[in-house]
Structure formats: C-alpha cells, structure tokens
1. Looking at segment 141-256 from every direction and averaging, what is the projected area of its Cα convex hull in nm²?
2. By counting other Cβ atoms within 10 Å of each Cβ, how are SER114, SER125, SER223, SER155 ranked from fewest to most?
3. Tell me which residues come under 5 Å, amide H to amide H, from LEU118 once H is placed; ignore anything under 5 positions away on its chain.
4. Compute the Rg to Rh ratio over segment 129-201 from the alpha carbon atoms, using the Kirkwood formula for Rh, and round to two decimal places.
5. Where Lys and Arg each count +1 and Asp and Glu each count -1, what net charge lies around LYS257 among other residues with Cβ under 9 Å from its Cβ?
6. Ignoring everything except DSSP H segments at least 4 long, calculate the 222 nm mean residue ellipticity for the chain; use -39,500 (n - 2.57) per segment, divide by total residues, nearest 500.
7. Of MET270, MET153, how do they rank once you tally other Cβ atoms within 10 Å and put the fewest first?
8. How far apart, in nanometres, would the label points at ARG115 and ARG271 be if each is projected 7 angstrom from Cα along the Cα-to-Cβ direction?
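Just so you know, all these numbers are worked out from the coordinates, no wet-lab data involved. Computed from a prediction, not measured in an experiment: that's the story for all the values here. Every residue, glycine as well, gets a Cβ built from its backbone with ideal geometry; the counts of neighbours run over all protein chains shown.
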Amino acid sequence: MPDPQRVFVVGCPRSGTTVVQALIARHPAVHSFPETGYFESLYGSIRRRWGDLGAHGEHHWYHRLGLARSSGRRRLRRLEQMLSGGKPARAAPLTPAACVRRYVDLLDGCARRSRATLWVEKTPSHLIYIEEITRDIPDARFIHVLRNGADVMASIMDGDLHQPTHDFGGGLAVWARRWNRSIEMHLACRDSPRHLLLCLEDLAARPQWGWQRIREFLGLDASLPLLPQPASRITDPELEPWKRTAASGRLQLSARKVDALFGPAAQAWMRDHLRDYAEVRTLISGLRNASPVQDI
C-alpha cells in the first residue's frame, strides 16, 4: 500500500478538536489515534511557545549537540508499546529527525494494518509545533479548529474546577493570552494549501457544509457513507470522561457556560482582552450567523 495521508488536528485546548477528529474518523478510510502529545515531549518549551509571561526557552547541552530530549525518546517507546501491543524492539533514536521518522512509521503501520488511506492525530498543542512538524513531515496536512474565546475560557475554567487533570491550570489571564496567541498562529496559516481553518460554530450550524469542506480538503471518497461512530480509538473515556460526547463525532455545541462561571466584571475583562472573534470568523468562513441544519 502507498503511504497513508498524514493529518493533524490542532487548536487551542477546549476548542472542539476532539469532535472534529472524531468526525473525520467516522469515514471508513480513516484511522485515528488518541492524543500522542509527541512533539511537546520531543521539542519542549511549551510555555515559552505559548508566550507565557516569564517563560524561558530550554537550552541544554544535548540541544547544542543536536540530540533528542530524553522525554521525547521515552514517549516514543511508550507509544510503540501502546499502539503496537508489545515492547519496542529497539532503543529510541538519538536525533529528533530520526525520532520523528520512527513516530511516522509507527502511525503509518497502524493505518496500513487497518487498511486505511489516511491517519488523523489530534493533540491541540501541536499547533505551536507546526514549524517542526512541517519540516520533519513535509506532506503533513493540518486542520485548525477555532472557537469563540469566551466559550473556550469558560470550558477551561470549568475543567480546572471539576476534572482530574492539571492541563487547565494557570488562570484566566494565562489562557486568554494563549487563546490570542493561537488565533495569531491559525491566521498565519490561512493561505497555505496544506492548512484548513474551521470555526466550530460554523461546523455545528452547518455540518453538511463543514464536512464537505473537510472531505474535499483531505480527498476522501464521497461515495463512502460515514460510520455511526469512529472505527478507531479517539480517547480513553476512563481517563478523559469529559471527551465522551465529543468522541461520537457528531457536531453540536454544548450549552454555554460563560454566564454561569463569569460575572459581569470578568466578562467585561474578556471583551477587552480577547481578540474580536466575529472578525476572525468572518476572515475564515465569511459567516457570522447561520441557521442550524440537520446533523450528519
């Protein structure tokens, strides 16, 4: 079989990347994976890349020698064990480029075994590693998922309060800067033929239109009907229970949490500090409002 197409779904956390990945994975020609978090482990400096105040880059001796971070090499071996069902046969490579080649070979192999012509991986923070991914995987394609900033803030704050993970810590000001930074990175890719930018609100309001854009971008066979559920794994519902609904791959917006979580002062602060999303949405899709239509 020829090499499968390699697709990354990226975006600010809590923007709808899981449901978009799951929608793509409902196509019979697609193989999907749980989040690998691989490029964060391999290249690090996540806080500096997000532009967090006071964050510093990582300049270790092994960077100067062109060697891979040990966390990236360990993550590669864990992924091999998880996705191949056995102990890795070899030690992880020493250089970042060789580690990425082995990572791609691993995902390619999983896709071939399932007779898929395309694999899709979704780690939201891979957005800030697009330069490295594009350099190391020149044929990679990216689907960017954007969502209203206030709704993202509410989802992250709700997650920090109620979900058993440290991924959503940092507070409102930190995540507002990160969301603004994500919008900058999305828009920087807007004119590239290997990048497709989609607003979650437009996908939910016009799912047939959204699916057509995704299908045409990826060259997926339109004659094959979507499966009721993804055929391959999207997430672990025991470890990530908040993703259970999104893992169905059915596009719909959950109830807004902004008014329940934020008072007037916090909402005013967000209006002053978050980029105008209506402007961004118009730049990307030309749609400010759309009437809901039947789900797919």
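1. Numbers: hull surface 33.4 nm².
Average of the hull's projected areas for segment 141-256 equals 8.4 nm².
2. On the way: SER114 16, SER125 20, SER223 5, SER155 23.
Listed from fewest to most nearby Cβ atoms, that is SER223, SER114, SER125, SER155.
3. GLN5, HIS31
4. That ratio is 1.04, to two decimals.
5. Numbers: positive: ARG256; negative: ASP151, ASP158, ASP259.
Around LYS257, the surrounding residues sum to -2.
6. -13500 deg cm²/dmol
7. Ranking MET270, MET153 by Cβ neighbours within 10 Å, fewest first, gives MET270, MET153.
8. 5.6 nm
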